[in-house]
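Reading through the structure tokens given below for one structure.
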Amino acid sequence: MVLENINKGNDLKYFCEKNEIDLDNTYFIGDSFHDKEIMQIAGTSACTFHTEEILKEKCNFIIGTCEDVEVYEFITYIENKILRDSC
């Protein structure tokens with residue numbers, strides 16, 4: 001049983017509000033229906049290759065599997081974007 005409005009997306013909103021973080025500056029990688037709301041709310045979201053099609057539509061990036069180097073490359077992209085934007 002999942003309570004209404006209890007999901008990762010609302011948790012992210014709450015965390016960002018409490019810590020004065022702009023949602024545009026958040027990143028998420030997921031692959032299941034439990035990730036649906038946060039995929040829509042995070043500033044940049046990615047899902048793995050094997051994710052259901054309906055969830056892929058909610059993401060900015062579709063990357064390989066967790067075993068692939070593509071996940072590492074996406075994390076590197078995030079790190080570089082943060083460094084570039086902070087200069």
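Read the figures in this text as sums done on the coordinates, not as results from a lab. Predicted model, so just to flag it, every value in this text is computed and none were measured. Here the Cβ is made from the backbone with ideal geometry for all residues, glycine too, and neighbour counts use every protein chain on show.
Restricting the search to the stretch 58-87, which residues are surrounded by fewer than 17 Cβ atoms within 10 Å (Cβ to Cβ), farther than 25 Å from F15 by Cβ and charged (D, E, K, R)?
E67, D68, E73
Which residue is farthest from I75 (Cα to Cα), if the candidates are limited to the stretch 14-31 and must be in contact with a helix residue (DSSP H, G or I) (Cβ under 6 Å, 6 or more places away or on another chain) and either assigned to a helix (DSSP H, G or I) or among the aliphatic types (A, V, I, L, M) (or both)?
Per the criteria, the residue is C16.
Does the stretch 32-73 hold any residues that are among the β-branched types (V, I, T), under 22 Å from N5 (Cα atoms) and assigned to a strand (DSSP E or B), and which are they?
Hit for the stretch 32-73 is T44, nothing else.
Residue by residue through the stretch 1-41, note down the ones that are of a type in the set (D, E), under 19 Å from C59 (Cβ atoms) and surrounded by fewer than 18 Cβ atoms within 10 Å (Cβ to Cβ).
Hits for the stretch 1-41 are D11, D24.
Yes or no, residue by residue, for (1) within 24 Å of D85 (Cβ to Cβ); (2) not charged (D, E, K, R):
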position	(1), (2)
N7	no, yes
N10	no, yes
F15	yes, yes
E20	yes, no
L23	yes, yes
G30	yes, yes
K36	no, no
Q40	yes, yes
